[in-house]
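First comes the structure, then the notes that go with it.
Just so you know, all these numbers are worked out from the coordinates, no wet-lab data involved. Predicted model only: the values in this text are computed from it and were never measured. As a convention, Cβ positions derive from the backbone with ideal geometry for all residues, glycine included, and neighbour counts pool all protein chains shown.
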Amino acid sequence: MTAPEKPREGERIAKLLARAGIASRREVERMIADGRVKLNDEVLTTPATVLKNLKGVTVDGKPVKAAEPTRIFVFHKPAGLITAERDPAGRPTIYTALRNALPADAGRVMPIGRLDFNTEGLLLLTNDGELKRAMELPATGLPRTYRARTFGDITQAQLEELIEGVEIDGVRYGKIDANMERRTGRNQWIEVTITEGKNREVRRVLEHLGLEVSRLLRTAYGPFELLDLPRGQAIEIRQVEVERFRRALVGGTGTEVKLSAPQQARARIARSGPRKPDAPRKADAPRPPRPGKPELKKPGARKPGPKRPGPKKPEPRR
């Protein structure tokens, strides 16, 4: 009879470094292969090294700090920005805009997935490389929703055929939920929801149907929505929602992860700012009378004035 195996103590170095926000797990594996990661001045040669913590670990000669609490930011990416830290062609990146959009204590954050140069809308950012990787995996099945402004001839019946997936130039795209929003002539807005997130998937599928895409906007990623967040601004999701989401995603399937509308709204409270104590609420403020119309009186209320003289009483007979 063989002795039962002892449970492994600790985690793989690649997972720990990703959790600490150094990079995604795949990028950490490349760093290790390049000899950039050391443990007590010894170069690590495999990402499968198991450690209890990051004590004594350095990357490019710099000590690695312990992982901070997971943070998620929602950023409204404008068109004309590269989703990368730097661009060889010198084009502006999202980090140029994020300097003013993120709080001073945000630290190093990584984009979850990418948006093309000309695609705008919701872009999630996190300091947790493990969470980033889990959210990007097609197997996780997190839905991504887009709105596309297109030109051309298309019917709802053609869009509904995409629910079975489609193959384009040898690339197979899975289930796509597409619905016509509104149409003016040959111009229309189409809402598209995908779960794989392959490179330029929405544009390629719509162009395969003979449509020209003039604007593409991502409105949701998993339970996180863009709502009315202004272009170029970012807000942080509340810590309690982040932790609930991370536990469900990393420890479960991801399908049960949801944020209610009130939770989404609370995450945006920081943008509106606190109301001044002496400022009247909208419901309490008196409404000015409309021009040309008299102000209505409350039922039963009368304006005080002089009493009207009543009829004189007849004098008694003598």
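Details
- Here each label is just a point 7 Å from Cα along the line to Cβ, and for Arg238 and Ala139 those points are 3.3 nm apart.
- Neighbour counting of Cβ atoms within 10 Å sorts the residues Lys15, Lys62, fewest neighbours leading, into Lys62, Lys15.
- Residue pairs, from the table Lys62/Lys132; Lys15/Lys38; Lys15/Lys55; Lys38/Lys65; Lys132/Lys198, whose Cα atoms sit over 18 Å apart: Lys62/Lys132
- Cα shape, the range 11-63, gyration tensor, a/c 1.5 rule: rounded
- Percentage, to the nearest whole number, of Cα pairs in the range 72-270 over 25 Å apart: 39
- Extension gain (nm, one decimal) between Ile163 and His208, 0.36 nm per residue minus Cα-Cα: 14.7 nm
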